[in-house]
1. Somewhere in segment 171-188, is a residue at pLDDT 95 or above, under 22 Å from residue 307 (Cβ atoms) and among the polar types (S, T, N, Q)?
2. Would you mind stating whether residue 108 is farther than 23 Å from residue 2 by Cα, surrounded by fewer than 22 Cβ atoms within 10 Å (Cβ to Cβ) and in contact with a His (Cβ under 8 Å, 6 or more places away or on another chain)?
3. Does residue 97 meet the test of being modelled with pLDDT under 95 and among the basic types (Lys, Arg)?
4. Any idea which residue in segment 20-65 is most open to solvent (accessible area, probe 1.4 Å), counting only those that are within 19 Å of residue 76 (Cα to Cα), part of a strand (DSSP E or B) and not small (Gly, Ala, Ser)?
5. I need the full set of residues from segment 38-66 which are over 25 Å from residue 121 (Cβ atoms) and in contact with a helix residue (DSSP H, G or I) (Cβ under 6 Å, 6 or more places away or on another chain), in order please.
6. Inside segment 332-389, counting only strands (runs of 3 or more DSSP E) that do not spill past its ends, which hold 1 or more residues that are out of contact with any Phe, Trp or Tyr (no Cβ under 7 Å at 6 or more places or on another chain)?
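The values are calculated or read from the model by the stated rules, or taken from the named source; none is laboratory data. Quick caveat, the model's predicted, so the values are computed rather than measured. Ideal geometry is used to build each Cβ from the backbone, glycine not excepted, and the neighbour counts take in all protein chains shown. With ligands, DNA and RNA removed, areas are computed over all heavy atoms of the protein, side chains included. Shrake-Rupley method; radii C 1.70, N 1.55, O 1.52, S 1.80 Å.
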Amino acid sequence: MTEQLLQQFKQIFNTDQPIRTFFAPGRVNLIGEHTDYNGGHVFPCALTFGTYALVAPRNDQSIRLYSVNFPNVGIIELSTQDQLELQKEHDWANYPKGVIKEFTDRGNQLKTGFDVLYYGNIPNGAGLSSSASIELVTAVALQSILETTFSSVDLVKMSQHAENEFIGVSCGIMDQFAIGMGKEDHAILLNCQTLDYQYSPIVLEEASLVIANTNKRRTLADSKYNERRSECERALSQLQKELSIQSLGDLTPEQFEQHRHLIENEVDQKRAKHAVYENARTILAVEKLQQGDIESFGQLMCDSHISLRDDYEVTGFELDTLVEAALSQTGVIGSRMTGAGFGGCTVSIVKNDKIEEFIQEVGKRYNEKTGLTADFYVANVGDGAKEINMN
């Protein structure tokens, strides 16, 4: 694949300049969903598939961006002198543009231009964070080109800021953090309010993570995401009338039950309940994993899905069908939706000797009920964004 990308790069950009290659993974969140913007904990890991960026310097001021995944968009051309703004016709290239702006806004002016070819093998629209992967691969490439000395956490924050301010999506920090800070064979327990984090080995004994993509177009995800955020913000402001808290993540389930009457709207109560209980579940799940208690970890994943279905209401027919089909199979330790919801993916822990049967049976049941074909990926947990040697 890498040789093929090098050939494509030379063909598209017609250059004999030295080419460097950077990679940023996709991510899957094992537990802790919709807690990141509520000041709680998340437990994501980086995957071994993601986004590649091949970069070569130029002798002029042109920046040329091309994606193998969106060939119909063609080469997007900018200049190092441009005032960077979101342009609808630039499509996917607005993500790298936003990150370039983060660097230039901090006084790191590009002296010359460069050519970049992007290629991603993250399933598009699956909720495994292809946008954050593009942002981080651009950030690590620019750090090398400009010889800046930002920390990995700085690059994570800059990428999140680009998505919030330049793209206009009010995402939490989890995606960028998992992708920028990932570590092979480890997940990250991250406190999204303080950015305190710890690595936890993923030791699943004779089992693996299996990701299943619903292949449902996620038309609702963005609008419902913003709706859920505002419901939680409303609940928080009503709780703050009597409680000295910064976020829903500051509450234990017991404290929430004592004060839930402060939240006037029943729907907002349910949303806040999910955020509080999911945060507690995530901390407990990591403790269970560290104790080698995979069964309890799997049960907490299932509890997470029920809460996302009933209290947060972000699952939908396709995700529920996949989880129900997964849990009916032998050798399944836990299963839940992962990501924003309304389509996207589930993540399951499946005994290795049952994986083939799992994929066949769950795929069959899902297709019978929904008419859609799910894609399955046995996930390997990889490193975060970095330069890679193609030779």
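1. no
2. Values: farther than 23 Å from residue 2 by Cα: yes; surrounded by fewer than 22 Cβ atoms within 10 Å (Cβ to Cβ): yes; in contact with a His (Cβ under 8 Å, 6 or more places away or on another chain): no.
The answer is no for residue 108.
3. Values: modelled with pLDDT under 95: no; among the basic types (Lys, Arg): yes.
In short, no.
4. Taking segment 20-65 and keeping what is within 19 Å of residue 76 (Cα to Cα), we get 51-65.
Applying the additional criterion that residues be part of a strand (DSSP E or B) yields 51-57, 62-65.
Okay, now just the ones that are also not small (Gly, Ala, Ser), so 51-52, 54-55, 57, 63-65.
Values: 51: 7, 52: 31, 54: 0, 55: 10, 57: 59, 63: 3, 64: 40, 65: 1 Å².
So, considering only residues that are within 19 Å of residue 76 (Cα to Cα), part of a strand (DSSP E or B) and not small (Gly, Ala, Ser), the one most open to solvent (accessible area, probe 1.4 Å) is 57.
5. As a first pass, look at segment 38-66 and keep what is over 25 Å from residue 121 (Cβ atoms): 38-41, 57-62.
Hits for segment 38-66 are 38, 39, 40, 41.
6. Numbers: elements: 332-338, 345-351, 375-379, 386-388.
It comes to 332-338, 345-351, 375-379.
Here is a yes/no grid of residues against (1) open to solvent by 50 Å² or more (accessible area, probe 1.4 Å); (2) touching a residue at least 40 places away in the same chain (Cβ under 8 Å); (3) not β-branched (Val, Ile, Thr):
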site	(1), (2), (3)
250	yes, yes, yes
255	yes, no, yes
258	yes, no, yes
268	no, no, yes
283	yes, yes, no
292	no, yes, yes
312	no, yes, yes
317	yes, yes, yes
322	no, yes, yes
